[in-house]
Structures are given as structure tokens and as C-alpha cells.
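Asks: Okay, handing you the structure first.
The values are calculated or read from the model by the stated rules, or taken from the named source; none is laboratory data. Keep in mind that what you see is a predicted model, and the values were worked out from it rather than measured. With ideal geometry, Cβ positions are generated from the backbone for all residues, glycine too; neighbour counts draw on all protein chains shown. SASA here: full protein model, heavy atoms, side chains in, ligands and nucleic acids out. Shrake-Rupley method; radii C 1.70, N 1.55, O 1.52, S 1.80 Å.
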Amino acid sequence: MRVVSGIQPTGQPHLGNYLGAIRNYVKLQDEAVAAGGECLIFLADLHAISMPHDPAELHSSTLELVATLVACGVDPNKAILFNQAQVPAHAELQWLLNGTARMGWLNRMTQFKDKSGKNREGASVALFTYPVLQAADVLLYQATHVPVGEDQKQHLELARDIAQKFNNDFASEEEPVFTLPDPIIPPEAARIMSLRDGSAKMSKSDVSEMSRINLADDADTMAKKIKKAKTDPEPLPSETKGLEDRPEALNLVTIYAALAGVNADSVLADFGGQGFGVFKPALAELLVEKLGPIQQRFVELKDDRESLDAILARGAAQAREIGMPTLKSAYKALGLIRG
Ligand code: TRP
């Protein structure tokens, strides 16, 4: 079992990132260790340059994200935690895979269409080839399990297509160069929505701070954001079906359920018939109980440059070693170095 996943260091990590991705990393890191495998979690800083960015900000976001991951329970003694930029093999393998990836495949990627919008001609080439770098990220390590959100499924399918074509074209069936990775999309893939608009995802790019709970928010701020969250005047129903046309109510119940580790029906069994005057304070309390310790560890770690640098340096050294044999095999398979 080899778990590999990446997360982009842009903006402040929030509750949606925690419930949708980071919490799942912690679970998988423990499973991988128990199974005698490895778990590699990296900050996708090379991907971050596909959009306009500020270099100083990218650097500080990267360190802040390391502090966040560790505060959330990613343990540098169990998982290999690093940033792409310190492992040149990611960029090298991407170039090798550019020979295998087809224009037609990349043209079908919906993320490129979304992110480039109307300005396709002005988009960076990196934004277009982004999925090939993502394929290199996982194929480099012979990943078996790749935890991602629903929106990354298409990129993972592309990674499989690239691996398959490369193996077909340049390797024998007995000795494939790459392992085909499987995406793992957490079942509770908690789609956490904005606190201001139940139809929009909770996002670091939302202009309203009140739309999201940041992992760095202190207890009072978290409680205030829940108190001000948009709702409707109805009391909570006693079954999930009653939430169908109430996206804001559904979102708050989803958050409660995800934090408590139960399903929405069981939350409604407790709170059905109650209004938000009762439910919101209970949610705020649960939120502070679960995120408070994370926020504290984050604050302790975030300015400890030396520790953060050391974590990344050690992780990168481990990653370089694990990736080396596959990178060499790819060079050999392509006839670039002697086989
Ligand atoms: N593209 C992913 C995202 O935006 C981040 C990412 C980069 C990634 N490389 C990866 C995720 C490799 C999984 C595996 O969420």
C-alpha cells in the first residue's frame, strides 16, 4: 500500500479542506503504516505557479500549510511530508510523460476549462499541462492509493491512461514501469459549503471571511461565524429528506455530522424539531472542541521556521530516494540512458 497525495499551498486552509481531505490523510497515514506501506503527502508548490502568484506569498503559504498539516495530525514520523520543489524528479518525470500524454486527452480536462475561463489564449502553458505533472506526482512513487476530492477524479483517470500507454509503448507486460493508481474519494467526501450560501463550496477564494471557518481562527471567531451563518426560519426536520430544499440547514447538519463522526440522520434524531437557536450553539461548541486543539498546535508551530524547514528537508530526502528507481526506469525505457 502506497498512499500519495498533494495539496496546493494557496490561501488559508479551512474547515472544508480539513473535513474533505486532511482528516482523511491522517487516517490513511495510519493505515499505510499498519500495512507496512508508505504515505507520501506533498505540498503542490510546482502546481501553484500555473496561476498568477506572488512568490513571497507562495513561500509563506507553503510553510503555513506544513504547520497546518502537522497540527491536524499528519505525523512526519509516519508520513513523508515534503514540497514538490525540493524533489526535482517531479518536474523531470513530467517532461518524460509529456511524450506520452496526448493533446486530445488534455483538451478534455474540465479543470483547465474552468480555470482558464474566457481567457484560454492567455492561460499559462503550465495550467494546460498541470494534469501531466499531477500524473508524474503519483506515478513517480508507484502510488496505489490516491486520496482526492471528487473534482480531481478526472486527473487521476488521466494519470492511469498515461501510465497504461507508457507501459504499452515502452515496457513489457512482465515488467511495467508504472503502477496504475486508484483514486480514493472519501465516502463522507464531506462537501462543506459556504456559510453564506449553501449552494457554493466553502472556498479560500470567497471574498467573505464569514463564508468559511479557517483552521487558524480562534474559538470566538469560529463561534461568531456559526452564529452568523445563513439559515432559514424553520426548525430542523427529524429526517434528512426534510433538508432537501434547505441547502444552508443541510450544510450545518453536514458539518455537525462530519465533526461528530456520525451520519446526518443521527444528528437529526437528536435535534429534529429544534430551531437554530439551539442547534447553532451546539454546533459552535462541537467545532471549538474539535478544532481548538488543532488551532493551538498550529499557532505554536507556524512561526517555528527551523522545525518546518527541517520537516520538509527530511521528507524531501526520503521522497527523492523512493522516486529514484522509477525515474531511472522511465529514462531507460525511453532510450535516454542505457538500459
Ligand atoms: N490538483 C490537486 C488539487 O488541486 C492537488 C494535487 C497535485 C494532487 N498533485 C497531486 C492530488 C497528486 C493528488 C495527487 O487538489
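Asks: Out of A126, A135, A91, which single residue is part of a helix (DSSP H, G or I) and either among the acidic types (D, E) or within 12 Å of the ligand (Cβ to nearest atom) (or both)?
Replies: A135
Asks: Still on this model: Restricting the search to region 185-216, which residues are buried (at least 18 other Cβ atoms within 10 Å of the Cβ) and part of a helix (DSSP H, G or I)?
Replies: Residue satisfying the conditions is S211 alone.
Asks: When you go through L291, L312 one by one, which is the residue that is within 28 Å of A91 (Cβ to Cβ) and in a helix (DSSP H, G or I)?
Replies: L312
Asks: Of all residues being within 14 Å of the ligand (Cβ to nearest atom) and either more than 12 Å from the chain's Cα centre (by Cα) or surrounded by fewer than 22 Cβ atoms within 10 Å (Cβ to Cβ) (or both) in region 1-13, which is farthest from D206 (Cα to Cα)? Just the residue, please.
Replies: Checked region 1-13; the qualifying residue farthest from D206 (Cα to Cα) is R2.
Asks: OK, next. Any residue in region 98-116 that's hydrophobic (A, V, I, L, M, F, W, C) and more than 16 Å from the ligand (Cβ to nearest atom): show its pairings with residues that are open to solvent by less than 70 Å² (accessible area, probe 1.4 Å) and at pLDDT below 95 at Cβ separation under 6 Å, as long as the two are six or more apart or on different chains.
Replies: Going by the 6 Å Cβ cut-off, there are no qualifying pairs.
Asks: Now, a different point. From the list L63, L69, which one is within 16 Å of the ligand (Cβ to nearest atom), assigned by TED's automatic domain parsing to the domain that holds S116 and either among the hydroxyl-bearing types (S, T, Y) or closer than 21 Å to Q318 by Cβ (or both)?
Replies: Numbers: L63 fails: within 16 Å of the ligand (Cβ to nearest atom).
Exactly one of L63, L69 is within 16 Å of the ligand (Cβ to nearest atom), assigned by TED's automatic domain parsing to the domain that holds S116 and either among the hydroxyl-bearing types (S, T, Y) or closer than 21 Å to Q318 by Cβ (or both), namely L69.
Asks: Could you tell me which residue of region 168-184 is farthest from the chain's Cα centre (by Cα), considering only residues that are within 13 Å of the ligand (Cβ to nearest atom) and surrounded by fewer than 18 Cβ atoms within 10 Å (Cβ to Cβ)?
Replies: The extreme case among them is D182.
Asks: From the residues in region 86-95 that are touching a Leu at 6+ places or on another chain (Cβ under 6 Å) and among the hydrophobic types (A, V, I, L, M, F, W, C), which one is farthest from L58 (Cα to Cα)?
Replies: Looking at the filtered set, the residue picked out is L93.
Asks: Among the residues of region 49-96, what is the count of those that are among the basic types (K, R) and within 15 Å of I7 (Cα to Cα)?
Replies: Number satisfying all stated conditions: 0.
Asks: Conditions first: (1) outside any helix (DSSP H, G or I); (2) more than 12 Å from the ligand (Cβ to nearest atom). A143 passes all but one, so which condition is the exception?
Replies: So the condition that A143 fails would be (2).
Asks: Moving on. Hey, A257 hits all of (1) closer than 30 Å to Q142 by Cα; (2) among the aliphatic types (A, V, I, L, M); (3) not assigned by TED's automatic domain parsing to the domain that holds I80 but one; which does it fall short on?
Replies: Condition not satisfied by A257: (1).
Asks: Evaluate the following for I41: is it crowded, with 21+ Cβ neighbours inside 10 Å, farther than 22 Å from D114 by Cβ and modelled with pLDDT under 95?
Replies: No; evaluated as a whole, the condition is false for this residue.
Asks: Oh, and also: Just to be sure I understand, how many residues within region 30-47 are in a helix (DSSP H, G or I) and either under 18 Å from L308 (Cβ atoms) or within 12 Å of the ligand (Cβ to nearest atom) (or both)?
Replies: 3
Results for (1) surrounded by fewer than 20 Cβ atoms within 10 Å (Cβ to Cβ); (2) over 18 Å from the mean Cα position of the chain (by Cα); (3) closer than 28 Å to I337 by Cα, shown as yes or no for each residue.
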| site | (1), (2), (3) |
| --- | --- |
| G122 | yes, yes, no |
| L140 | no, yes, yes |
| V148 | no, no, no |
| K153 | yes, no, no |
| I162 | no, yes, yes |
| F166 | no, yes, yes |
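Asks: Looking at I226, is it within 12 Å of the ligand (Cβ to nearest atom) and closer than 26 Å to P247 by Cα?
Replies: Against the criterion (within 12 Å of the ligand (Cβ to nearest atom) and closer than 26 Å to P247 by Cα), I226 does not qualify.
Asks: Return only the number of the condition from (1) more than 12 Å from the ligand (Cβ to nearest atom); (2) open to solvent by less than 20 Å² (accessible area, probe 1.4 Å); (3) farther than 18 Å from D182 by Cα that S50 does not satisfy.
Replies: (1)
Asks: Out of (1) over 16 Å from V177 (Cα atoms); (2) aliphatic (A, V, I, L, M); (3) touching a helix residue (DSSP H, G or I) at 6+ places or on another chain (Cβ under 6 Å), the odd one out for V125 is which?
Replies: (3)
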